[in-house]
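> Sharing a structure with you now.
The values are calculated or read from the model by the stated rules, or taken from the named source; none is laboratory data. Note that this is a predicted model, so its numbers are computed, not measured. Backbone-built Cβ (ideal geometry, glycine too); neighbour counts: all protein chains shown.
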Amino acid sequence: MKTLFFIIRANAFAYNKLGGYYFKTSDYEKSVPLFERALKELPQHPVLRMNYAHALSMAGRRQEALKNYQAALNAGYRDPNQEILAVLEENLAIAGRLSRESDPAMAEEA
């Protein structure tokens with residue numbers, strides 16, 4: 001069973017690495033499904049979730065990105081630089097508020 005866990009973990013990080021490559025080359029549409037595959041292997045991993053959220057955001061899928069940024073924070077994502085994390089949380093709150101204000105349907109969901 002322990003071996004299976006290490007294989008799953010290795011697969012997740014391989015998908016994450018490849019997704020990161022496409023992200024760095026600005027091919028966000030190719031990076032998104034790779035981060036999704038990584039998350040299928042390790043759905044509660046906060047760094048994988050944050051990478052996925054970044055890719056969604058850059059691919060223009062803002063609502064999905066917001067949900068995944070929040071999920072990453074809820075899963076325990078912590079940036080070594082807490083100041084960056086504080087700004088991210090503030091921006092997430094502002095973006096959510098602006099989305100609700102601009103889309104009445106979202107305000108009903110909240």
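> So, of the residues in segment 74-110 that are within 21 Å of Leu42 (Cβ to Cβ) and outside any helix (DSSP H, G or I), which turns out to be modelled with the lowest pLDDT?
This residue is Pro80.
> Could you list, in sequence order, all residues of segment 58-73 that are closer than 12 Å to Asn91 by Cβ and assigned to a loop (DSSP other than H, G, I, E, B)?
If the condition is that a residue be closer than 12 Å to Asn91 by Cβ and assigned to a loop (DSSP other than H, G, I, E, B), then no residue fits.
> Scan segment 41-56 for residues that are surrounded by 18 or more Cβ atoms within 10 Å (Cβ to Cβ), part of a helix (DSSP H, G or I) and not aromatic (Phe, Trp, Tyr) and jot them down.
Correct list: Glu41, Leu48, Arg49, Met50, Asn51, Ala53, His54, Ala55, Leu56.
> Sort out which residues of segment 7-52 are under 15 Å from Ala72 (Cα atoms) and aliphatic (A, V, I, L, M), and write them in order of number.
Ala38, Leu39, Leu42, Val47, Leu48, Met50
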